[in-house]
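Notes follow the structure.
Derivation of every value follows stated rules applied to the coordinates shown; laboratory data play no part. Keep in mind that what you see is a predicted model, and the values were worked out from it rather than measured. No Cβ is skipped: glycine too gets one built from the backbone with ideal geometry, and neighbour counts run over all protein chains shown.
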Amino acid sequence: MNHSSPTEPIYDVAIIGAGFSGVSAAYHLARRTEECNAPLSCLVFEPREQIGAGVAYQTKTPVHLLNVPAGRMSLDEGDPQSFLRWLTKNGHTYSEEDFVPRPLYQAYLSDIFSELEQISPQTALKVVQEYASALEFDGDLFQLRSAAGLSYQARNIILAVGNSPQSDGLDRDEALKSPWDQAAIASSASHSAVAIIGSGLSAVDTILALEAAAFTGHYTLISRRGLLPQPHGTHGHPDTTTQAAADRVIAKPTVREMLRELRSSIGQGLAWRDLIDALRPSTQKIWNRLPARNKRSFIRHLRPFWDSHRHRVPVESLSVLLKLKELGRLTSMKGRVTSHTASKDGVTLKVESRGRASVARFDSVFDCRGLWTDLRASRCPLLDSIIRNGTAHYDELALGLRTDRIGRLLSARGAPLAIYTLGSLRRGELWETTAVREIRSQARLIAESILPEPQPQKCIGNG
Ligand SMILES: Cc1cc2nc3c(=O)[nH]c(=O)nc-3n(C[C@H](O)[C@H](O)[C@H](O)COP(=O)(O)OP(=O)(O)OC[C@H]3O[C@@H](n4cnc5c(N)ncnc54)[C@H](O)[C@@H]3O)c2cc1C
């Protein structure tokens, strides 16, 4: 790989991706430059026009709400009012319990990012509006290449490629539409039969977007278990009885025993939402101690149940779906889509369930299956490059990459590198790693590792 052009400096850090993870990393680095009184130059690669959009916050549809109340969505856990303050400053009246439209969250992230250099004058940021497509280490510095073939050098790398590292502009099957494709929503609004593969949060988003686009036809939701996300209840902190029940669940050695304990506590009248919330701080610890075969079996058999209870939606979002069901405009179909064929009349899906196959035709089909379950299938040139040159290694489930506690990639011998990652690429090792709450603390740890606290000066001499 070429060295960077003579006009390009060597950057202290290169952040790849500016969705929530990338913005969070930049924010915590900037804060850290102030704490440590140390200058920092930072290069940010992001092909999208908007900073902070990513998969989650790219939507322009105001009916797409955050699924976490505003009071828990601050970029900085040390400053929990930050998002609420931004809302008020920008003329929006929301309380900390409200579920705010996601486009506002993108605007918040973008505003914070654009103010970083003023708030932290020691930070110098440069954004390259391109994909980073290759990364190599020459023993001294990291050499990065952009999709346009330009080269850059950095001392540290933060991989913040997020939920769709395969979205690199390469070939994609046109027949299965993306839930985030505004044009696909607009063109499907006049259709009469829409199928949605998956029944989680993205499926809910697709239906809300189609309803907002005045779709009047019929939805078929196809998923293995037919489970919709559960609605949020009132938000409180789990009481001591609930926490004690959660601790009993955590103490069980196997998933089967944990489930039995969970069911028994719910059977005794404890609120399931509070129990799940009480388990949440320990889910990474539980995940870590499970052997790989149990993790695989959890993903295969229990994940749909966990996801529908853990990733809840605002009541107002779910009530739209329940109303559609009542009107007969939404039906669920249990099964797995095994093939699809596009023709001028639409898309024909083959769905298998319990050994039986059925075939159905739809005007359009949205693919809402969510995050990948095997990173090896991703077609991201950047990840390919670091896997091929032996810099990065898949975790044991190939859900993400092997990292240490701080999120540093590990070499083949297990030595930490100056390449950090956060969010989805740590799923294999942490499982719960995609929400704001987890990512912002990972970003803080990374910033503290890149800019460690200055050591107090030792006195030289007799004293
Ligand atoms: C629909 C949805 C709603 C959600 N709502 C909430 C919520 O309400 N509360 C909550 O806590 N969590 C929520 N989440 C969780 C969410 O995943 C995280 O909050 C967060 O958005 C993840 O951000 P990310 O930056 O890791 O990934 P992404 O959002 O996927 O962003 C990654 C970015 O990297 C860029 N990129 C990718 N590859 C490259 C490359 N090679 N070079 C340069 N750039 C690249 C992409 O263009 C993208 O902008 C939601 C998730 C989804 C999908």
Dipole in debye (nearest 20) - the stretch 241-309, about Cα centre, beta carbon charges: Lys, Arg +1; Asp, Glu -1:
420 debye
Out of Val359, Ser178, Pro62 - ranked by how far each Cα lies towards the positive end of the dipole of the chain, with unit charges on the beta-carbon of charged residues - the top one is Val359
Long-range lysine pairs (8 or more apart or interchain), the chain, Cα under 24 Å:
15
What ranking of Met258, Met73 emerges when the number of other C-beta atoms within 10 Å of each C-beta is taken as an exposure proxy, fewest first?
Met258, Met73
Given charges of +1 on the Cβ of Lys and Arg and -1 on the Cβ of Asp and Glu, with all other atoms neutral, how large is the dipole of the chain about its Cα centre, in debye to the nearest 20?
2060 debye
Averaging sequence separations of C-alpha pairs under 8 Å and six or more residues apart, then dividing by the length of the stretch 228-302, give the relative contact order as a whole percent.
36 percent
Work from the charge dipole of the chain (Cβ charges, +1 for Lys and Arg, -1 for Asp and Glu, about the Cα centre) and give the residue of Ala415, Val436, Thr242 farthest towards its positive end.
Thr242
With labels modelled as points extended 7 Å from the Cα through the Cβ direction, what inter-label distance (nm, one decimal) is found for Arg256 paired with Ser319?
4.3 nm
When the helix-only estimate is applied to the chain (DSSP H runs of n ≥ 4, each -39,500 (n - 2.57), divided by the residue count), what is the mean residue ellipticity at 222 nm, nearest 500 deg cm²/dmol?
-10000 deg cm²/dmol
Assign unit charges at the C-beta atoms only (+1 for Lys and Arg, -1 for Asp and Glu), then state the dipole size of the stretch 363-420 relative to its Cα centre in Debye, rounded to the nearest 20.
340 debye
Counting only C-alpha contacts under 8 Å and six or more residues apart, can you give the relative contact order of the chain as a whole percent?
20 percent
Local charge sum around Tyr394 (other residues, Cβ-Cβ under 13 Å, Lys/Arg +1, Asp/Glu -1)?
0
In whole angstrom, how far apart do the alpha carbon centroids of the stretch 293-366 and the stretch 125-157 sit?
40 Å
